[in-house]
1. Hey, can you tell me all the residues within region 150-165 that are in contact with a helix residue (DSSP H, G or I) (Cβ under 7 Å, 6 or more places away or on another chain), assigned to a loop (DSSP other than H, G, I, E, B) and away from the ligand (no atom under 13 Å from the Cβ)?
2. Scan region 206-217 and give yes if some residue there is under 20 Å from Thr154 (Cβ atoms), out of contact with any Pro (no Cβ under 7 Å at 6 or more places or on another chain) and outside any loop (DSSP other than H, G, I, E, B), otherwise no.
3. Here's a check for you: in region 185-203, which residue that is more than 12 Å from the chain's Cα centre (by Cα), within 9 Å of the ligand (Cβ to nearest atom) and not small (Gly, Ala, Ser) is surrounded by the fewest Cβ atoms within 10 Å (Cβ to Cβ)?
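None of the figures in this text is laboratory data; all of them are computed from the coordinates on show. Being a predicted model, the structure only gives us computed values, none of them experimental. FYI the Cβ positions are ideal-geometry reconstructions off the backbone, even for glycines, and counts take in every protein chain you see.
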Amino acid sequence: MTTTPSIAAFDATPLAGKTILITGGAQGIGRGIAQAVLGAGGNVFIGDLDAEAGKACIAEWNVGKRAAFGVLDVSREASVRRWIAAARKRFGPLHGLVNNAGIAHAHTGPLGELSLDLWNRYLATNLTGTFLCSKHMLDDLKQHKGAVVNIASTRALQSEADSEAYAATKGGLLAFTHALAISAGPHVRVNAILPGWIATDAWRKPTERHAPALSRRDHAQHPAGRVGTPEDIGALAVFLLSAQSSFITGQHFVVDGGMTVKMQYV
Ligand SMILES: NC(=O)c1ccc[n+]([C@@H]2O[C@H](COP(=O)([O-])OP(=O)(O)OC[C@H]3O[C@@H](n4cnc5c(N)ncnc54)[C@H](O)[C@@H]3O)[C@@H](O)[C@H]2O)c1
């Protein structure tokens, strides 16, 4: 005899009691994800190169022991180790990692003029940083059936001219995501989010914060009718970090207001 399928109540705080580490979590999309995690009942440990921005988050959130900040450079292994050790000391068990830190500027100029040094800087932050943080948190995540969310970009799938370094790092993140999902399963799930145009000006540290200067045309070109916000990415990140998505791993999800499915012939 089978039991009758029941109607489960929607869990509005699916991350209650969980601790999530977020790289580049002091500004922009990372801050949006951190606030969504806090809203979903979780604890956050944000890491960022910018200490002024990190400290401002903790002061502005005013959530007591549920949030903390540690200085982090994701491209340096010693810094990654120190940051994760600080999270363990502060929170105990670690349940999630969001690899968000990145050099977000996509345009690096014509390939013939792109220096090896600049290419390597993009790789070090946007791709190697995700490798290092994932590597050093994997055992913690395995112990607690954790999840990783990698923040890539729709530029992993489509391009404007002169963006090879950025696009290559974001494409690399998609491959890293499915590879790690296979290696780390069934204990750890790994997924990626591909944001489109996300306006982050209002999510910067207080000294640099301003309203985004977006035109009617900027919004209207999106099939969803508007440019994206960090909250749009935070909502999906919470879902992918929570048990509500426990049958989803190795996948990537586009959050771009429909821009990548819009056919364009001039
Ligand atoms: N904003 C967008 O439209 C957009 C679109 C697609 C993808 N993304 C991706 O989302 C992520 C966040 O982008 P954003 O627009 O919020 O950028 P942002 O510049 O507003 O914020 C990035 C944060 O990461 C920090 N950071 C940079 N290098 C770091 C390092 N080496 N170690 C630790 N922290 C570091 C910065 O100090 C900053 O606080 C990036 O990976 C970016 O490529 C952004």
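1. Listed by number, the list is empty, since nothing qualifies.
2. Within region 206-217 (the criterion being under 20 Å from Thr154 (Cβ atoms), out of contact with any Pro (no Cβ under 7 Å at 6 or more places or on another chain) and outside any loop (DSSP other than H, G, I, E, B)), the answer is yes, since at least one residue qualifies.
3. In this case the residue turns out to be Asp201.
Every residue, every condition in (1) in contact (Cβ under 8 Å) with a residue 40 or more places away in the chain; (2) in contact with a Gly (Cβ under 8 Å, 6 or more places away or on another chain); (3) not β-branched (Val, Ile, Thr), yes or no:
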residue	(1), (2), (3)
Ile193	yes, no, no
Arg204	yes, yes, yes
Gly228	no, yes, yes
Leu240	yes, no, yes
Thr260	yes, yes, no
